[in-house]
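Following: one structure in structure tokens, then a few remarks.
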Amino acid sequence: MLKVGITGGIGSGKSTICRILENLGVPIFNSDKVGRQILDEDYQAKKEVVRVFDADMYKSNGELDRERMASVVFNDPRALNRLNAIVHPRVKEAFEQWCQENQDATYVVKEAAVLFESGSYHDLDKVVTVFAPQEDRIKRVMKRDNVGVEKVRKRMTFQYTDEERNELADFILMNEEGVDLLPQVMELHEILLNEKK
Ligand code: ADP
């Protein structure tokens, strides 16, 4: 079974591409979603968050106060590193377990906003990055998340640049406005189905 990573800057179109692949029957592991679940549900992870940050990082219903955490970690790279040190090893473990459960697939996809930054691409056989111009991405995220331009720009500063991602990736999908994504995804799917591990 081939392990494929799909990454790209915020708003580049990772989730859109993964939805297409999912419809083609490819198992998709959404790292960001699993990371969020861990912070809401994993007792040991929550205990560490409270120790490293503060008890009021959690709301009364037991869920992480994402707004509050974002305002801390997106203003302080060291705090982001501390949060990642809690989340990333657990996401890695969950991914390994999930791969065991999906062993019969020809290939599986790990979708992650940060794949190179976290070093987790070392565990993957191939990495795909999605490229879209910054202006397109900002417009899309503002619309999708109903947030202002500054918030989007700030999040981008904590991610690799397109140049850095393109340099390390095996495949690049282009998702700027007006470009047809579907044929690119179909071609990638064909290649990955025939790729030998
Ligand atoms: P990511 O997962 O990389 O953050 P998404 O796949 O969620 O990005 O895409 C961001 C937003 O932009 C979504 O609302 C999606 O529907 C929209 N979008 C994705 N690709 C395009 C495109 N080619 N043209 C217009 N909108 C797009």
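Points to keep in mind about this one:
- When region 119-142 is filtered for residues that are open to solvent by less than 60 Å² (accessible area, probe 1.4 Å), within 16 Å of the ligand (Cβ to nearest atom) and not basic (Lys, Arg), the ones remaining, listed by number, are Val127, Val128, Thr129, Val130, Phe131, Ala132, Pro133, Asp136, Ile138, Val141.
- Residue pairs meeting the criteria (Cβ under 7 Å; at least 6 apart or on separate chains; first within 14 Å of Ser12 (Cβ to Cβ), in region 142-158; second open to solvent by less than 70 Å² (accessible area, probe 1.4 Å)): Val152/Ile10; Val152/Ile138; Val152/Val141; Val152/Met142; Arg155/Ile10; Arg155/Phe74; Met156/Gly9; Met156/Ile10
- When Lys92, Lys110 are screened for being at pLDDT 95 or above and part of a strand (DSSP E or B), only Lys110 passes.
- Filtered by the rule that a residue be in contact (Cβ under 8 Å) with a residue 40 or more places away in the chain and either outside the structural domain of Gln184 (by TED's automatic domain parsing) or among the basic types (Lys, Arg) (or both), region 1-23 gives Lys3, Lys14.
- Residue in region 154-169 that is closer than 22 Å to Val26 by Cα, within 11 Å of the ligand (Cβ to nearest atom) and under 20 Å from the mean Cα position of the chain (by Cα) present: no
The values are calculated or read from the model by the stated rules, or taken from the named source; none is laboratory data. Just so you know, these numbers come straight off a predicted model, no measurement behind them. Ideal geometry is used to build each Cβ from the backbone, glycine not excepted, and the neighbour counts take in all protein chains shown. Please note that ligands, DNA and RNA were not included when accessible areas were found on the heavy atoms of the full protein model with its side chains. Shrake-Rupley method; radii C 1.70, N 1.55, O 1.52, S 1.80 Å.
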